[in-house]
1. Output the pairs from A:K59/A:K101; A:K22/A:K355; A:K324/A:K477; A:K209/A:K324 with a Cα-Cα distance over 20 Å in this structure; if there are none, say none.
2. Suppose we look only past 19 Å in the calculated P(r) of the stretch A:87-166. What percent of the Cα-Cα pairs does that tail hold?
3. Using only the Cα atoms of the stretch A:459-547, what are the Rg and Dmax in Å?
4. Is chain A rounded, prolate or oblate when judged by the Cα gyration tensor, a ≥ b ≥ c being the square roots of its eigenvalues, rounded requiring a/c under 1.5 and prolate requiring a/b larger than b/c?
5. Give me, ordered by chain and number, the residues 5 or more places off A:T371 or on other chains with an amide H under 5 Å from its own placed amide H.
6. Per-residue mean of other chain beta-carbon atoms within 10 angstrom of the beta-carbon, peptide B:107-120?
7. Compute the semi-axes of the equivalent ellipsoid of the stretch A:491-611, taking the square root of 5 times each eigenvalue of the Cα gyration tensor, and list them largest first in whole Å.
8. How large is the translational diffusion coefficient of the stretch A:371-454 in µm² per second when you combine the Kirkwood radius over alpha carbon pairs with Stokes-Einstein at 25 °C and 0.890 mPa s?
Amino acid sequence: MTRINSTVDLEAMRRGFAKDRKEYQATIALCGGTGCKVSRAQPVIDALKEELITHGLDKRVCLRVTGCHGFCEQGPLMIIEPGNIFYCHVSADDAPDIINKTIREGEVIERLLYTDPLSAKRIRTVSEIPFYREQNRSLLSQNPLVDPCSIEDYIAIGGYRALTKTLSEISPESVVREIMDSGLRGRGGGGFPTGRKWAQCREAPGDEKYVICNADEGDPGAYMDRCVLEGNPHLVLEGMLIGAWAIGATQGYVYVRNEYPLAVEHVRVAVKQARKLGLLGNNILGSGFSFDVEIARGGGAFVCGESTALMASLEGKVGEPRAKDVHTVVDGLWHKPTTLNNVETWANVPFIIQKGAAWFSSMGSKGSKGTKILALTGHIKNTGLVEVEMGTPIEKVVFDIGGGAANGKPIKAIQTGGPSGGCLPADKFYLPVDFDTLTEAGSMVGSGGMVVMDESTCMVDVAKYFLTFLQDESCGKCAPCRLGIDRMLEIITDITNGDGDPKQLGLLEDLGYTMSETALCGLGKTAANPVLSTLRYFREEYETHIDEKRCPAGVCQALITFTIDPETCNGCGACKRECPHNAVVGKKKAVHSIDLDLCQKCGICRSECKFDAVNVN
Amino acid sequence: MPDASFSSIMEGRRSQPHQLIEVLQDVQSQHGFISEDAMKTISSELGVSLMEIYRVASFYKAFSLTPCGKNVITICTGTACHVRGANQILSQAVGQLEIEPGETSDDGLFTIKQVNCLGACALGPIVTENGDSHHHMSPGRLRRLVKSLYKADTEDSPHDKD
C-alpha cells in the first residue's frame, strides 16, 4: 500500500476495498476479543481456517476475527452474513458443520443458536436477541465489521472520512464548536464537557500542545475501553487526529494498561498502518497538518486514571497527582497545554463530525447526550458490554437487556462507577443512567461499570472490599486520602469482626465528607463513596452487624460458622476433597463434620456441596 | 542481565528519561523481575538516578523486585470477580500452596499474584496461569490445575492430599 496524499486518493482506495469485500460469498465475523479468547476462541479460528482451505473456500469466504461483540457470556460467538445468523458457545468441533451446512448449503445449525432463557426459544439472528435488540450500539456496532488489525476494513466501512471532512472543510474553531454543541461529556468518569476542555486547550498559550488517550481503565469491573481500543483502534486514532487538529497539537499519546496485551498489540499495529498510509506523520492528506502518536504502557496503578498522575507517569515518573490550581489544558504534559480524554470519548468524535452535533444531542437525556457503554457483570444472566442511550433507566439495563438475576436469588443492589461510585438499591432502579442523576443519588456513571449484586452479597463487605482496594491504590501523597482510607477501613473491619459500635457510623460519615472536601485528587475525593452510599441505602445491614453481631448475607467471616447438617449429608466427600485447609473430617459414606479450629471460613465446602448440607450460621 | 536482550530493550530509548516505565515493562516481561543490576544499568543508560528508578519500580504493580516462581498463578479480585467468589479462589490457592499472594513457594515452583482486573469481567472469576486465562473458575478447578502443574514439574505432589 502506498501513502495517501489527498481525500481523492483515500476515496479511491475505499472503493477498491469495499469492492473486494462485496466479492466474498459469505463472511464469518468471529469474536476474537479478550472475553472470547478466554473462552477458547483460538481453536475455533484455527479449525475454521483449516476447514475453509479443505473446501477450497478460503478465497471466497471471509473469515474475519474481530473485536468484542459484547455478549461475552455466550462466547465464543460469531455472526454469519448474509443472514445475520448468530452462533454462540462455538467450539472447534463445530467448524465442519458451520462450513458444510451453513456456508455451503445455507442451512442454520439449531444447536448453535442462542436460546432465550425466558421463552426457551432458539433465536436465529442478532437483531432478534433481546440482549442486542434493546440496545443502541452506535459505537460498538462497528466492532463486528472490522478486523482490528486491518486498516483496509476500517477504510472500507467509511473510516477516516470524518478526518478528511475535518481537514478539507472544517476549521479548528468549528470542530471545537461542533463538539461543544453535541453536548459530549467525558466518558472516563468525570463527565466534564469535552468541547469546553478542547476550547480551553486551544486558547491556552503555547505552540507545543499534546493530546492523550487515557486507556488505563483501572476501574475493576469495567472493560469498555479495552473493547473499543482492542476492537476498533483506528476509530480512536481518528478521534485523536480530529482533536489534535482542533486544539493545535502535533503529538499524541495512548496510555494503555499493560494488563490488556491485545489492546496494546492492536493499537500498535494500527499506528504503524496509519503511518504507512500517511494518516499519521507529516503533512497528512496533503493538508499541511502533522501529527503522530506514541504508545505508552501503564504500570498498573489505579491513581494513574487521574489526569495529572497519568501525565507524570507518561513522563516516566511515579504516578502521583498534583493540585490542579492550573488545569492540565494549560499546564499539562511537560508543562504544555494538554487535552486528555478517555478512549470512549475519543471514539465518539468521528461520529459527531460525520453525523453532526444535532444527531448526537438527539440521543440521551437533558444533561447527558449520546450513548454510554456499560460493562454489565455480577449476579446477572446476560453479562457483557451494553451500549444504551444515556438516560435509559437502570431497570431496563438490568432486566430487559441483562435478563435479571442469574441464580434465582432476588437482586439487591447495583454498584456503578467503580471504586469512586456507589451502590444503589433495587428500589432506585427506576433512575436513569445519567451523569447528574446518579451523582445526586450518591453514586456515579463513572466509566460505566455496573456490577449487579443479589442477596448473597453483604453490603458492608462490599464497602470493605472497595476500601481495601483504595488503601492499596492510594498513592499516599495527601493526608486526607492516605489516613482517611486507613481509619475508615479500621472501623469497617471492626464492624465486620463484630467489634463495631453504633457511634462509629456517624464517624464514618464525618470522615467520608471530610475526605471528599479535602483530598488532593479525584481518587481521594470519591474514595468514601462506596461507604457513604451503602450507609445511605443499606444502613440496617451495618446496624445488624453492630447490634446483633450478625452478617445477614453470611459473608463476613468473623460472624459466621459453617456446619454440616447430619440429616442431609450423605458422605459423598466432595467438601472434604475440596477444602484447601483440611478442615473437613469424616469417612466415606458417613456423615462429615467441620473442624472449627482449622476452618478458614472460605465457604468452598458450601459451594461444592450438591446436597445443600453445609449451613452457614 | 544479558547484554543482547538489554541492548534491544534500550534501542531508541537511551538518554530519554521518560522511557523509564517502558524499559522496566520490557525488562519485567523478559526477565520476570527487575534486579538491582538491571536498575543500575538502566540508570546509566537513561540518565535517571538509581533512587528514582527504585521509586518507580516499587510504585507500580507491574514490576516485581524479586524473581517469580516457575508457575505464576494470577487471581483476579476485581469487583465482578469478587462478587462471584474470587475470595474462595484465593483461599484455595493460599491453602493449597501454603504461600500468601505476592509470595513464591520455597521450591520456586509457584507464585500467587492478586490483580485488580484483567478486563474479562463478564466471565469471572478469572484466573491466569502463566498467561493462559481460565474463566468461571471454581476452587475445585484451581486445585486440579495446580495439581497438574505440579505433576508436570515433579514426580509426586506434596500439595495434593488425595
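What follows is calculated from the coordinates using simple rules that are stated; it is not laboratory data. All of these numbers come straight from a predicted model, not from anything done at the bench. Cβ coordinates were reconstructed from backbone atoms using ideal geometry, including for glycine residues, and neighbour counts include every protein chain displayed.
1. Pairs exceeding 20 Å: A:K22/A:K355.
2. Roughly 58 percent, once rounded to a whole number.
3. For the stretch A:459-547, the Cα-based Rg and Dmax read 12.0, 37 Å.
4. Because a/c hits 1.5 or more and a/b fails to exceed b/c, chain A counts as oblate.
5. So A:T371 has HN proximity to A:M390.
6. 5
7. 40, 15, 11
8. Once the numbers are plugged in, D ends up at 202 µm²/s.
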